[in-house]
1. Among the residues of region 221-239, which ones are in contact with a Phe, Trp or Tyr (Cβ under 8 Å, 6 or more places away or on another chain) and in a helix (DSSP H, G or I)?
2. Just to verify a result, which residue in region 88-111, among those that are part of a loop (DSSP other than H, G, I, E, B) and not hydrophobic (A, V, I, L, M, F, W, C), is farthest from ligand 1 (Cβ to nearest atom)?
3. Filter region 276-303 down to residues that are within 21 Å of the chain's Cα centre (by Cα), surrounded by 15 or more Cβ atoms within 10 Å (Cβ to Cβ) and more than 14 Å from ligand 1 (Cβ to nearest atom), then give me how many there are.
4. Here is a check on your reading of the model: is GLU260 within 16 Å of ligand 1 (Cβ to nearest atom), closer than 26 Å to ARG20 by Cβ and modelled with pLDDT of 95 or more?
5. Would you check which residues across region 50-76 are more than 13 Å from ligand 2 (Cβ to nearest atom) and surrounded by 19 or more Cβ atoms within 10 Å (Cβ to Cβ) and list them?
6. Considering each residue of region 141-181, count those that are closer than 17 Å to GLU100 by Cβ, polar (S, T, N, Q) and touching a Gly at 6+ places or on another chain (Cβ under 6 Å), and give that number.
7. Taking region 257-278 as the region of interest, how many residues are in contact with a helix residue (DSSP H, G or I) (Cβ under 8 Å, 6 or more places away or on another chain) and within 16 Å of ligand 2 (Cβ to nearest atom)?
Amino acid sequence: MPVLEKGRVLLSVTGFHPQRWHELLSAEREVVTEPAGAADPSIAYAVVWKHKPNLLSKLPNLRAIFSIGAGVDHIFNDPGLPDVPIVKVVADNLTQYMTEYVVWRVLDHHRQGALYRHQQQKKIWHEPQQRPASDISVGIMGLGTLGRAAASVLLSLGFCVNGWSRTARPMEGVTTYAGDNGLIPFLNATDILVVLLPLTPTTQGIINYGLIKELRRRNGLGGAVLINAGRGRLQKDDDIARALDEGVLKEASLDVFEVEPLPKTSPLWSHPKVYVTPHAAATSDPNHLVPIMLAQMSALERGEPLQNTVDRAAGY
Ligand code: NDP
Ligand code: OXD
């Protein structure tokens, strides 16, 4: 016996065409893309990606906001955000995509992919020295859902793995560090830095020149490496370019940028030490995610609690 009436869904996205999300949500629920009037009382749920500011505060019966992505910074950009639960994406296939991206980029740097691409272009037949994965420490900044999944595959490949989180997050086989006091020791013990942090007021701009300088530069890799698949505004694009040019960083793989799409004028596009992907590390697949959202709406209406809600004070 439901304790709440079946609610309608507002689908509000910018930056891509939401047709497939609309079709799949409509299989079970009435879906609207614009509220009817200022205060549409029929809408119980909002499914959003970069929705229009102050849109949701006008909905008097809103029960929950569902983010289309694992990151929820786009929701906190709304100055009129209503005080209802926010649900983030936690889904096996998105986690798998991110693990693939992280392992792909770590292996490419570890196995000197950039050097081989250069050698092939120049038709150079030369075998550089190979080192075991156990010589390399990969440090994962953000040991949450995505960070832990990537850490366990990297461990199985033989890498040493460090993790840094806001609160203590022990993980077998991983050397973990937490909070402000743990940051410098974590960086000093890390050769390849993988950033999987959420963007919050605390983490904005954290990947800057000063932080990069703290990374370990041992013989193994021939220099520190940065991989950012978290959010672009965690990093200072110019500081990364400077660190690369000065040799403070050997190489970088960047999936996210301060401004997206990355402006054509950015030197990162053509930097020989940078591997650019267009915010594509882990895509949100509606075929996989909409059934999870619909199940959560039905569960709420049966009186069950929502899963994977955001801690509003922490901002993620
Ligand atoms: P989680 O919320 O599960 O994990 C976040 C981790 O970051 C936690 O370990 C958390 O610490 C840590 N953290 C947060 N704030 C701080 C801080 N101030 N200092 C230290 N550690 C901090 O998030 P997910 O793993 O699901 O996702 C991570 C991010 O990945 C998303 O927010 C999104 O921005 C990005 N993303 C990017 C995609 C892409 O395609 N490029 C796709 C999907 C996600 P604690 O464990 O103590 O809470
Ligand atoms: C996400 C993303 O947050 O795609 O899921 O960036």
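The values are calculated or read from the model by the stated rules, or taken from the named source; none is laboratory data. From a predicted model like this one, the values you see are computed outputs, not experimental measurements. Neighbour counts run over all protein chains shown; Cβ positions are idealised from the backbone, glycine included. Areas reflect the complete protein model, heavy atoms only, side chains present, ligands, DNA and RNA absent. Shrake-Rupley method; radii C 1.70, N 1.55, O 1.52, S 1.80 Å.
1. GLY232, ASP237, ASP239
2. Taking the candidates together, the pick is ARG111.
3. 3
4. Judged against the criteria, GLU260 is a match.
5. Scanning region 50-76 gives HIS51, LEU56, LEU59, LEU62, ALA64, ILE65.
6. Final tally of qualifying residues: 0.
7. Here the count works out to 7.
Listed here are the residues, each with its yes/no results for (1) in the same structural domain as PHE76 (by TED's automatic domain parsing); (2) hydroxyl-bearing (Ser, Thr, Tyr); (3) within 16 Å of GLU214 (Cβ to Cβ); (4) open to solvent by 50 Å² or more (accessible area, probe 1.4 Å).
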{"residue": "LEU234", "(1), (2), (3), (4)": "no, no, yes, no"}
{"residue": "ASP237", "(1), (2), (3), (4)": "no, no, no, no"}
{"residue": "ILE240", "(1), (2), (3), (4)": "no, no, yes, no"}
{"residue": "GLU246", "(1), (2), (3), (4)": "no, no, yes, yes"}
{"residue": "VAL259", "(1), (2), (3), (4)": "no, no, no, yes"}
